[in-house]
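Each remark here refers to the structure printed beneath this line.
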Amino acid sequence: MQERIPEGLNRLPELARNILWTWRPQTQRLFSGLDPELWETTEHNPVRLLHETKNLQRAAEDPSLVALYELAVGDLDRYLEGQGTWTGHVYPRMDASVAYFSAEFGLHESLPIYSGGLGVLAGDHVKSASDLGLPLVGVGILYAEGYFRQRINAEGRQEEVYEPFEPEMRPISPAVSPDGAPVVVKIGLPGRDLHLKVWQVEVGRTRIYLLDANLPQNAEDDRLLTARLYGGGQKTRISQEMILGIGGVRALRALGLRPNVYHMNEGHAAFLGLERIRELVAAGESFEAAAEKVARSNVFTTHTPVPAGHDAFPPDLFDEFAAAWPEELGTDREGLWALGRKQEEWGEAFNMTVLAFSLSRSRNAVSKLHRDVSLEMWSYLFPESSSGEAPITDVTNGVHTWSWLAPELSALFDRHAGGRAWRREVENPAAWSFVASIPPGELWRAHEETKRGMARFVNHRLDLQKERTGRSVDQAINPDALTIGFSRRFATYKRATLLLSDPERLRAIIGGAGRPVQFVFAGKAHPADEPAKAFIAALYRASEEDDLAGSLVILEDYDMNVTRRLVQGVDVWLNNPRRPLEASGTSGQKASLNGAPNFSVLDGWWPEAYNGKNGWAIGEPIEYGTEEEGDRVDAESLYSTLESSLVPLFYDRDEKGVPLGWVRMMKEAIQTIAPTFSTQRMVQDYVHKLYVPRANRAR
């Protein structure tokens, strides 16, 4: 690529390969300015853009683009210098160095190695670690076909399309060892070795290392082991988890890295504990001493109370893959099996969540309610300790402010904040107090601007869907109508179709005289989840009915770009899972950061945030006797709140067309949610409560 770059723009490839640009709007404007149409068709991928655009020489002669380039280079240099970071101020002699393992990372739509909330949270975690100056690296997998592209056919059925990842066209590069050699490690699978190439993603000041089995020295079937995220059967799943946990530790060693804290983001990475035990046993430790030493430096975050979210392997499969492990670990088969033993409905199994709990002395859930659910769910693992400390604590999830805040609102905040405190201390509620004094009309106009942009995006996507499917129904959303968004991974417990419980009542709400209401849905179902696919089909069919067309729409190919557009532009964010199955959720946090009040069941993070003035609650904070009863009560609450409170408040305007009561709620949502539910606060909590204590005990 470098040979194509004019001398005056010679650092463009460096700007493109450090994804700091994903939270730097001015750098995105530079790439967009090089070739606006190609920027969109490449899904905002600057590496592919630099490979394909014919405009580079013209750009080098354009003073406005050269000025943007110089600003972007200066910003990158200042950022990488790392002066005045939070970590340097609060922990000037920081001893903790963290390796953060996750099966998926949602960093940007140009890196499709994520499926939903777990990956996006991981990406936001690493970005905030970079902003805070925390010594942290990520470890994951490079999926050769990523997650799938979603198409919704003319019957409303989800279809999965897989495309090659083409790493040379993405903002990643091969990782190299301290002596400059490309890093390739290997792990043992039944009867053979598997070779893994290591790639790196530069994320501001930190890096994520990704493991890739698509190498010529591997058998053809083995090359496919890292092809698809959450694809294949149990043999593929256990192989992927060995790649992540065992291969990940070996990759760090080959890179010359020896972190003293290992953080497992969900149980997929739990085999890292066994690999670390193997290292210590090889150095002369006993199995018991090694296991305790490893557990003292491990952190485990559990993310779901849904049983299907916890991988478990039957004895015959586990023994096939782990045949050599007891000897290497200095124990017997029973000693190894005991670390993950769990009685499942179908028999005894080796459970990855149990393994992660067994080999971690710091464990956390991702909201206060989820902590209580997890303590009950896993209580049998933790006989009451003499210290009386809860075996599972809580660190409530948050979002990376700069990845999700609309540029229009960011500019508005800069004009009214009276300084940069709100940028330096995102996590400090006092730094957001200025929001209360923003003139209501200014905040409303800024929101209207983002909403118009969202409507153009949605309508363009609807046109493309219609053109591809030959759909006869015309659909276009109205930028002036009350717009309610729902964008997330489709799982049945999230109840995307709850809104359809009473079609006639829904029609009355949508078609209210002079008070139009519209709903925008987006989300992917797992390829094997037929009930969730049925939800997509039900919404699609509803969207084709004459009196709902254009007022209820579903967008295909949900990704971070779709979500970003929706959270920045809708008026309200809808979330109606079955309590208490939503461990946290973060999409509503993104929406409220942008002034869209949350309209949600009191599950996950929302019970910690809801104060009666910053959004609405659906139903009661209880668990119902049956799913049917819960659906009925929550649907009634959803409809009645729309009818009696939400819709009237939105359309109650002053003489200038500003909904003053609504804007008060927007301000309250921003002030109460933006700081407290940021990953800036979240990562600081991890440092104080988990990372530093683990580093101290690991000595």
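The values are calculated or read from the model by the stated rules, or taken from the named source; none is laboratory data. From a predicted model like this one, the values you see are computed outputs, not experimental measurements. Cβ: placed from backbone, ideal geometry, glycine included. Neighbour counts: every protein chain shown.
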Problem - Scope the stretch 600-628; condition over 24 Å from the mean Cα position of the chain (by Cα) and in a helix (DSSP H, G or I); matching residues - result: E627, E628
Problem - the stretch 59-109, residues that are in contact with a strand residue (DSSP E or B) (Cβ under 9 Å, 6 or more places away or on another chain), closer than 23 Å to R170 by Cβ and hydrophobic (A, V, I, L, M, F, W, C) - result: L76, L80, A99, F101, A103, F105, L107
Practice task
For the stretch 341-378, name all the residues that are touching a residue at least 40 places away in the same chain (Cβ under 8 Å) and more than 28 Å from V687 (Cβ to Cβ).
Solution key: N351
Exercise for the section: Give the stretch 214-226 a look and list any residue that's in contact with a helix residue (DSSP H, G or I) (Cβ under 7 Å, 6 or more places away or on another chain) and farther than 11 Å from L244 by Cα, or say none. Expected result: N214, L215, L225
Problem - Yes/no for W606 being among the aromatic types (F, W, Y) and surrounded by fewer than 22 Cβ atoms within 10 Å (Cβ to Cβ) - result: no
Practice task
Answer with yes or no whether R423 is farther than 30 Å from P693 by Cβ and assigned to a helix (DSSP H, G or I).
Solution key: no
Practice task
Inspect all residues belonging to the stretch 38-47 and state whether any of them is exposed (fewer than 15 other Cβ atoms within 10 Å of the Cβ) and either not in a loop (DSSP other than H, G, I, E, B) or not acidic (D, E) (or both).
Solution key: yes
Problem - Residue among K186, K235, K197 that is of a type outside the set (A, V, I, L, M, F, W, C), within 24 Å of L111 (Cα to Cα) and over 23 Å from the mean Cα position of the chain (by Cα) - result: K197
Practice task
Could you check, for the stretch 197-219, whether at least one of its residues is out of contact with any Asp or Glu (no Cβ under 6 Å at 6 or more places or on another chain) and part of a helix (DSSP H, G or I)?
Solution key: no
Completion exercise
Restricting the stretch 511-526 to residues that are of a type in the set (A, V, I, L, M, F, W, C) and touching a residue at least 60 places away in the same chain (Cβ under 8 Å), the one farthest from R149 (Cα to Cα) turns out to be V517
Practice task
Would you check which residues across the stretch 467-488 are surrounded by fewer than 20 Cβ atoms within 10 Å (Cβ to Cβ), in a loop (DSSP other than H, G, I, E, B), of a type in the set (D, E, K, R) and at pLDDT 90 or above and list them?
Solution key: D480
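Do any strands (runs of 3 or more DSSP E) lying entirely in the stretch 320-400 carry at least 1 residues that are touching a His at 6+ places or on another chain (Cβ under 7 Å), and which ones are they?
Answer list for the stretch 320-400: 347-351.
Within the group E389, E427, which residue is closer than 26 Å to V126 by Cβ and acidic (D, E)? Working first, answer last.
Values: E389 fails: closer than 26 Å to V126 by Cβ.
Among E389, E427, only E427 is closer than 26 Å to V126 by Cβ and acidic (D, E).
From the residues in the stretch 379-406 that are over 20 Å from the mean Cα position of the chain (by Cα) and in contact (Cβ under 8 Å) with a residue 60 or more places away in the chain, which one is surrounded by the most Cβ atoms within 10 Å (Cβ to Cβ)?
Taking the stretch 379-406 first, the residues over 20 Å from the mean Cα position of the chain (by Cα) are 379-393.
Still in the running and in contact (Cβ under 8 Å) with a residue 60 or more places away in the chain: 392-393.
Working: I392: 24, T393: 17.
Filtering first and then ranking leaves I392.
Table: residues versus (1) in a helix (DSSP H, G or I); (2) at pLDDT 95 or above; (3) more than 23 Å from the chain's Cα centre (by Cα).
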{"residue": "A59", "(1), (2), (3)": "yes, yes, yes"}
{"residue": "L80", "(1), (2), (3)": "yes, yes, yes"}
{"residue": "E104", "(1), (2), (3)": "no, yes, no"}
{"residue": "E109", "(1), (2), (3)": "no, yes, no"}
{"residue": "H125", "(1), (2), (3)": "yes, yes, no"}
Problem - Given (1) touching a Ser or Thr at 6+ places or on another chain (Cβ under 6 Å); (2) touching a residue at least 60 places away in the same chain (Cβ under 8 Å); (3) assigned to a helix (DSSP H, G or I), index of the condition A154 fails - result: (3)
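Give the number of residues within the stretch 145-179 that are basic (K, R), within 27 Å of L257 (Cβ to Cβ) and loosely packed, with under 15 Cβ neighbours inside 10 Å. If you could, list the steps in order and put the result at the bottom.
Keep residues of the stretch 145-179 that are basic (K, R), which gives 149, 151, 157, 170.
Pick out the ones that are also within 27 Å of L257 (Cβ to Cβ) and you get 170.
Keeping just the survivors that are loosely packed, with under 15 Cβ neighbours inside 10 Å gives none.
Residues flagged as basic (K, R), within 27 Å of L257 (Cβ to Cβ) and loosely packed, with under 15 Cβ neighbours inside 10 Å within the stretch 145-179 amount to 0.
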Practice task
Name every residue in the stretch 54-79 that is buried (at least 19 other Cβ atoms within 10 Å of the Cβ) and not aliphatic (A, V, I, L, M), in order of residue number.
Solution key: Y69
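Each row is one residue, and each column tells you yes or no for (1) more than 23 Å from S102 (Cβ to Cβ); (2) within 31 Å of the chain's Cα centre (by Cα).
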position	(1), (2)
I246	no, yes
L252	no, yes
H263	no, yes
F271	no, yes
R278	no, no
R296	no, yes
D316	yes, no
E328	yes, no
T331	yes, no
